[in-house]
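The values are calculated or read from the model by the stated rules, or taken from the named source; none is laboratory data. Treat the numbers as computed from the prediction; the structure is a model and nothing was measured. Please note: Cβ atoms are built from the backbone with ideal geometry, for glycine as well, and neighbour counts cover all protein chains shown. The area values use the complete protein model at the heavy-atom level, side chains included, leaving out ligands, DNA and RNA. Shrake-Rupley method; radii C 1.70, N 1.55, O 1.52, S 1.80 Å.
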Amino acid sequence: MKEISCKLLVVGAGPGGYVCAIRAGQLGVDTVIVEAKKPGGTCLTVGCIPSKALIHAAEEFEKVAHMANSKSLLGISLSTPKLDLAKTVAWKDGIVGRLTGGVSGLLKKAKVKTVHGWARFRDGKTVEVETETGIQVIRAETVVIATGSVSVELPSLPFGGPVISSTKALALTKLPEKLVVVGGGYIGLELGTAFAKLGSKVSVVEAEARILPQYDAELTRPVAKRLSELGIEVLTGAKAKGLSTKGDALLVEAADGAEKRLAADKVLVTVGRKAATEGWGLEELVLDRNGRSIRIDDQCRTSMRGAYAIGDVTGEPMLAHRAMAQGEMVAEIVAGHKRNWDKRCIPAICFTDPEVVTAGLSPDEARKAGREIKVGQFPFSANGRAMTKLGEEGFVRVVARADNHVVLGIQAVGHGVSELSTAFGLAIEMGARLEDIAGTIHAHPTQGEGFQEAALKALGHALHI
Amino acid sequence: MGEHTIKLPDVGEGVAEAELVEWHVKVGDLVREDSILAAVMTDKATVEIPSPVDGEITWLGAEIGDTVAVGSPLIRLKVEGGAEASEAKAQTSAMDDGQEEAPLADNLAEEGETVPPPPAKPATAAPVKTAAAKPAAPVRPAARPATAGAPRAEGEKPLATPAVRLRAKEAGVDLRQVPGSGPAGRITHEDLDAFIARGPQTARPTGLQRNDTVEDIKIVGLRRKIAEKMALAKSRIPHITYVEEIDVTALEDLRAALNKGKRADQPKLTVLPFLMRAMVKAIAEQPGLNAIFDDEAGIVHRHGGVHIGIAAQTASGLVVAVVKHAEARDLWDCGAEVNRLAEAAKAGTATREELSGSTITITSLGAMGGVATTPVINHPEVAIVGVNKMMVRPIWDGTQFIPRKMMNLSSSFDHRVVDGWDAAVFVQRIKTLLETPALIFIEG
């Protein structure tokens, strides 16, 4: 097969890789992208998007089931709903298909050549791709490593049989009667909540002392409360030991040291993700590492000249929007622009019920950084829109420097707060002070008013509390 | 709304005026009872002025560095209840902050609405100290002060929007070097334009750069006091400085032994208490050196009490804490008192009394003491003893060099009333006492 030579080669067409390729193509850089599966990566095919589809379906189902129980405060009653999970999954796959098709189209439009197959680095400038029609060699002036991440496997619970990863969980066509989730991080809780709403009996096993340990307890309290309302059993400080011999239960060492059996049709292991650094010839490149991940500088350059790395393979935070921003930046650098990573914050969202949003520093992190701070917190229980949506749980919290009121961080927990991440990120990137947020008219009635009120609160004159 | 005026209180016995050294508030600030409003400085001590009431600052009566008479108005506050607010309002609208709000409030008032006191006021009053009012029109680059210098603390990320950051990157400008005129020092597009227009020598310095900046520092407070005192001492007093070296090997052995065997409640001894006791002994033979020279009256006041001033470096400058009646204190007591006063002086809690009334002074720079110094007499005293760095030096004992711990004393005297001979006798006496420290403790 004839060798391909190009200016830029992107290995991996996840959110980081495809954005990088599209941007490079827009800028007239001769670009090739290699992907073994469908473009879109974890995010589009087995992560963000499909999980949100399942979460939405579960939410809707739970809503109507709640109404069918004639418990609805809204005065709506109906007969017991039924779920056809296979149909739900087909609908979800449809969305995924449309999006991945969309990405292929965008790549084409940007004149990026896509090579399907598994890539392996021969050296820093050359890649061999196993395509359906044979080995394709690609030579490039510059390479971007965007191989992403994979689910972490527990040695005591290898994937297979009833033990599944998040990828498999999103493809289940039959609802597990009893589901045990190992790992109380955001992936486990998002999926665990969804399955509980669809009707599974869900238990969560978390090794740390509380769920979502990366957030402060105040922020996760409404989530923990809702889990218990949904009948999800949460075991904290507990260790998963392995499957029972019959494979129908998970053996757990509880916080008090007692052995416990949790009956399970499926065991979903979501104990984190790790950089995908195996199987594509990283060892040929001898790149500096940062733990498992590839070490990068503020331009996403690796220790090898002409080799960049972006996205999950470069470590935490493993978020699609970080990868996209990195991809865009690298494409522009390759096209000769002066760029470096100067982002002030990477917002993060946890699509639990209720949702959790963080941008910038939490109060604890700000204090640890030696800042004197002002904190303003406004509860949704005092917000009209939240009341009309039956979503009074949660709050918005603003953290600002005490001396000049520049906003350092914003957190929120509550129904639908994921959409507030836009405002939060913008405020921090723009260098907003408390007065800027307080002085911006926030349309009424919206949950966003809580943001303004939190800023006013930090300034000492909240109006609605 | 009423008005409350705070006058400069009586800050110390016999003090008629004080220098304003710091404002803790500015116009528009809301203060609570007991919040610190300002700091003033008397001859020696700094006194903080607390607020007696809750209220909003409407007027500040002095600038930093001004001398304010006791009893003159210092601050005006708007307080709840009481008299008419018209005066305060007139002042508010005349002021820089909040002038945009004022017309709006007036309009509403004309329409017959009840206008609460504008709550926007505290919000618009910037919590950062802006150096000067920012004109509405963009400032021409040339009009900017060249002294802007480093616009923010080291390690601080420059505050700028993503669009400004992108433009700076493309223009090759390091935003850390760009002063920001926006709120909280935010760098605006105009700031960046101005910075680029100012030329390449500031845009990205490489290699050695000329620095034409001049930073003006107002000499106020303690620094001004020091300046005045030094000028007075050096212009009025013809100094004679006498340097002698002292073998402190025996003294150091004694000091080490005493420190080793000391009780827990006793201070760790430095060289100072020994020197103080030696000076007391020497002064007993030469009372003319423990004196205050009133040169206008032509009188030397010889003091019976040996009040030894100890020059101490503090964060804001040099202060002299005074160990009263060293003649009545033993070694340990001298040491304890020096420690206590040094702590108080460093913490800024030393009282005016503890910082005045010395009759002779010791100055010591410790490990920084150098080989010799020319100490400046603490006017109107007539003598000052300076301690230099102790170091091991080879000394010829007649047959060989032996290592000895040596330390110089650099002492200055007022040559109008102290002859060189007397000065030498005094220092030689101290030398004898320190070299054979047992003599310090032998009475009679």
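Ignoring solvent entirely, what values of log10 I(q)/I(0) come out of the Debye formula for segment B:246-384 at 0.13, 0.19 Å⁻¹ when each Cα is a single scatterer?
The calculated log intensity ratios at q = 0.13, 0.19 Å⁻¹ are -0.59, -1.24.
Extending each Cα 7 Å along its Cβ direction at B:Leu208 and A:Ile346, get the distance between those two points in nm, one decimal.
Here the modelled spin labels are 4.4 nm apart.
Considering every Cα-Cα pair within the protein assembly as shown, what fraction, in whole percent, is farther apart than 47 Å?
The calculated P(r) of the protein assembly as shown puts 51 percent of pairs beyond 47 Å.
So what's Rg/Rh here for chain A, counting alpha carbon atoms and using the Kirkwood radius for Rh?
In chain A, Rg relative to Rh is 0.99.
In terms of modelled amide H atoms, which long-range or inter-chain residues lie less than 5 Å from the amide H of A:Leu235?
HN-HN under 5 Å from A:Leu235: A:Val204, A:Val205, A:Glu206.
If you take the beta carbon distance between A:Lys87 and A:Glu419 as r and set R0 to 25 Å, what does 1/(1 + (r/R0)^6) give as a FRET efficiency, to the nearest 0.05?
Plugging the Cβ-Cβ distance into 1/(1 + (r/R0)^6) gives 0.35.
Along segment A:241-258, what does the Karplus equation 6.51 cos²θ - 1.76 cosθ + 1.60 (θ = phi - 60°) give for ³J(HN,Hα), rounded to whole Hz, x for Gly and Pro?
Each residue of segment A:241-258 in turn: 9, x, 7, 5, 4, 7, x, 10, 7, 9, 8, 10, 9, 6, 4, 8, x, 6 Hz.
Sequence gap at least 6, Cα distance under 8 Å: using those rules, report the relative contact order of segment A:163-211 to the nearest whole percent.
40
Return the sequence-ordered ³J(HN,Hα) values of segment A:36-45 in whole Hz as given by the Karplus equation 6.51 cos²θ - 1.76 cosθ + 1.60 applied to θ = phi - 60°, using x for Gly and Pro.
7, 10, 6, x, x, x, 3, 3, 6, 8
Residue farthest toward the positive end of the dipole of segment A:288-404, with Cβ of Lys/Arg at +1 and Asp/Glu at -1: which of A:Phe378, A:Gly394, A:Cys345?
So the residue furthest toward the plus end is A:Cys345.
Write down the percent of antiparallel bridges among all DSSP beta bridges whose residues are both part of the protein assembly as shown, to the nearest 5.
70
When the helix-only estimate is applied to the protein assembly as shown (DSSP H runs of n ≥ 4, each -39,500 (n - 2.57), divided by the residue count), what is the mean residue ellipticity at 222 nm, nearest 500 deg cm²/dmol?
-9000 deg cm²/dmol
Give me the accessible area per residue for the protein assembly as shown, probe 1.4 Å, as a whole number in Å².
I get 49 Å² per residue for this part.
Mind listing the phi-derived Karplus ³J(HN,Hα) values for segment A:457-464, rounded to whole Hz, using 6.51, -1.76 and 1.60 with θ = phi - 60°, and x for any glycine or proline?
Result, rounded to whole Hz: 4, 4, 7, x, 9, 4, 9, 10.
Interface size between chain B and chain A, please: total buried accessible area, 1.4 Å probe, rounded to the nearest 100 Å².
1700
For segment A:268-411, what Kirkwood radius comes out of the mean inverse Cα-Cα distance, in Å?
Evaluated over segment A:268-411, this radius sits at 18.2 Å.
Please list A:402-408, B:250-256 highest first by mean number of surrounding beta-carbon atoms within 10 Å per residue.
The densest-packed peptide leads the list: A:402-408, B:250-256.
Could you please tell me the mean projected area of the C-alpha convex hull for segment A:112-236, averaged over all directions and given in square nanometres to one decimal?
11.9
How high is the FRET efficiency from B:Leu166 to A:Phe159, r the C-beta distance, R0 56 Å, rounded to 0.05?
Step by step, r from the Cβ atoms, then E = 0.80.
Between B:Arg176 and B:Ala315, take the C-beta separation as r, use R0 = 22 Å, and let me know the FRET efficiency to the nearest 0.05.
0.20
Can you tell me which of A:269-277, B:395-403 comes out highest on packing, and rank the rest after it, using the mean Cβ neighbours within 10 Å?
With the highest mean Cβ count within 10 Å placed first, the list reads A:269-277, B:395-403.
For a protection proxy built on the mean count of beta-carbon atoms within 10 angstrom, sort A:412-421, B:343-352 highest first, please.
A:412-421, B:343-352
Give me the one-decimal nm value for the distance between modelled label points at A:Arg261 and A:Val286, 7 Å along each residue's Cα-to-Cβ direction.
Result: 5.5 nm between the two label points.
Hey, can you grab everything whose amide H is under 5 Å from the amide H of A:Thr131? Only 5+ residues off in sequence or another chain; H modelled, so Pro and N-termini drop out.
So A:Thr131 has HN proximity to A:Gln136.
If each of A:His444 and A:Ile76 carries a label point 7 Å out from its Cα toward its Cβ, how far apart are those two points in nm?
2.7
Roll a 1.4 angstrom probe over the protein heavy atoms and tell me the percent of accessible area of chain A that is carbon or sulfur.
The C+S portion of the solvent-accessible surface of chain A is 53 percent.
Report, by chain and number, residues whose modeled amide H sits under 5 Å from the one on A:Ile294, excluding near sequence neighbours (fewer than 5 apart, same chain).
Here the answer is A:Thr314, A:Gly315, since their amide H atoms fall under 5 Å of that of A:Ile294.
Can you give the mean number of other chain Cβ atoms that lie within 10 Å of the Cβ atoms in peptide A:397-406?
3
Put simply, what bits of segment A:428-444 lose 30 Å² or more of accessible area when the other protein chains are there, versus the chain on its own (1.4 Å probe)?
Buried by 30 Å² or more upon assembly, which counts only protein chains, are A:Glu429, A:Met430, A:Gly431, A:Arg433, A:Glu435.
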